[in-house]
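Report on the structure given below.
Derivation of every value follows stated rules applied to the coordinates shown; laboratory data play no part. Keep in mind that what you see is a predicted model, and the values were worked out from it rather than measured. Cβ coordinates were reconstructed from backbone atoms using ideal geometry, including for glycine residues, and neighbour counts include every protein chain displayed.
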Amino acid sequence: MPSLDDLRKRITSVKSTQKITKAMKMVAAAKLRKAQENAEKGRPYSEKMNNVILNLSKSITDKENAPKLLVGTGEEKVHLCIVLTADRGLCGGFNTNIIKKAKSYFEKIISENKTLKIITVGSKGYDQLKRQYKSYIVENISFKESKNINYFDADKVGKIIIEKFEKNEFDICAIFYNKFKNVITQIPQEQQIVPLNEDKDDKDGSGNDNDYEFEPDEDEILSNLLPKNISTQIFKAMLENSASEQGSRMTAMDNATRNAGELVDRLTIEYNRSRQAAITKELIEIISGAESL
Amino acid sequence: MSNLFNIDIVNPEQSFLSKDNVFEVVIPAVEGEIGILKDHIPIISFLKPGIIRVFSESEEQSFYVEDGIVEFKDNTLSVLTSSIFDLKDADKNFVSESISSAEAELSKDNIDDQKRFLLNHKVEVLKSISIN
């Protein structure tokens, strides 16, 4: 049975933890709004980019000589996985969900005897993966210093990928991130960016009606555009990720605050009970002392 | 019949400019400047460093772009670019910094002709901005 003093100390400590989680929730809520806005603002760019590439790839007839970034190297031996996570913890299952998704993909690749290469973006992903997959991690990038997500950072990652592709270091590249659905739901995503997955977009066959004029020719535009598209995709993933991170943190901290509240209630009852027990005990002692006289 | 069309300039962070009352846009495409009027044939091209001029009924706007992609379709001109600023609020320091970094890049030996051409062009355009 803890003493009254112990209980009092515990109550104070839980209360101050609650204050912290509450503050974190408020901060996350404010940041979430901004992150969500940014994600929405960034959407037109990636959508338009996709459209242009779609139209371009439709007009390419000579698949053999098409840029490799679009059609792939023709092999699928080496997989490069970009795992995008947050730099900070205390955001519920946010990082763990991405890692889980990525790990199941890794296992599949390893079991198929293919080569796996991992680039982690964000320090939490690196921390969690290095225990098991240290030997596969080729690069670890973190943007802790930059306050906001900017295209410049995404471009850096994009350039690393292109550089590796040009050196023939991988055949297939996939990125892992959390897609922001709403504040409580974030869906871990796996998206292949090299070669581009076309089949998904085939549903609107109307695009073929547009006979575009290309200046210079399609190939040259594509080879200029595809590297940019990779950076754009990464940037999109980073934006979605940051909105998801804040949403996830908000929910997690909200839960934590509520749990702390419950704990305080319980401890307070226990405290009051033992206080009352002590008083009753004293009373009995006094009364029985008086009776014996 | 009106001779106006839409323009959307977007950069990765946000939609930069969106207007529906322009009658001419001049873009610095990689093979030379293109003037776009209403009902231009659908075109996809990419940009070299230069000035985009947007003529609308009420005003004329100029923007500096470094690179990007343009698509014209159904009387909508979409410009996708990662580096753009309005000439009106051009930052002198930024311009001179860009010039010097481009010149530093030019002085390296291992750049190919195309890149050299683009860089030279960029310096030229930036210098013309800083004079104005």
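What the table shows:
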quantity: Dimensionless Rg over Rh [segment B:84-132; C-alpha; Kirkwood]; calculated: 1.02
quantity: For q = 0.25 Å⁻¹, Debye-computed log10 I/I(0) when each Cα of segment A:126-184 counts as one equal scatterer; calculated: -1.25
quantity: Straight-distance crosslink candidates among aspartates and glutamates, where the alpha carbon sits under 13 Å from residue B:122 and sequence neighbours closer than 8 are dropped; calculated: B:66, B:67, B:97, B:103, B:105
quantity: Rg [Å, one decimal], Dmax [Å, integer] - chain B, C-alpha atoms; calculated: 15.4, 55
quantity: Percent of alpha-carbon pairs separated by more than 26 Å within segment A:146-293; calculated: 58 percent
quantity: Alpha-carbon Debye profile of the protein assembly as shown, log10 I(q)/I(0) at 0.11, 0.13 Å⁻¹; calculated: -0.95, -1.22
quantity: Antiparallel bridges, percent of DSSP beta bridges restricted to the protein assembly as shown (to nearest 5); calculated: 65 percent
quantity: Choice from A:229, A:113, A:95 with maximal GNM fluctuation in chain A (Cα, 10 Å cutoff); calculated: A:113
quantity: Cα long-axis angle, helix B:92-106 against chain B (0 to 90 degrees, to the nearest 10); calculated: 60 degrees
quantity: Cβ-based net charge around residue A:175, under 12 Å, with every Lys or Arg adding one and every Asp or Glu removing one; calculated: +1
quantity: Rounded tilt (10° steps) of A:4-59 against the dominant C-alpha axis of chain A; calculated: 10 degrees
quantity: Long-range HN-HN contacts of residue A:194 with modeled amide H, under 5 Å; calculated: A:173
quantity: Ellipticity estimate at 222 nm from DSSP helix runs (n ≥ 4, -39,500 (n - 2.57)) divided over the protein assembly as shown, nearest 500; calculated: -18000 deg cm²/dmol
quantity: Shielding of B:10-20 by partner chains, average beta-carbon count, 10 Å; calculated: 5
quantity: Inter-chain Cβ neighbour average for residues A:43-49, partner chain, 10 Å; calculated: 6
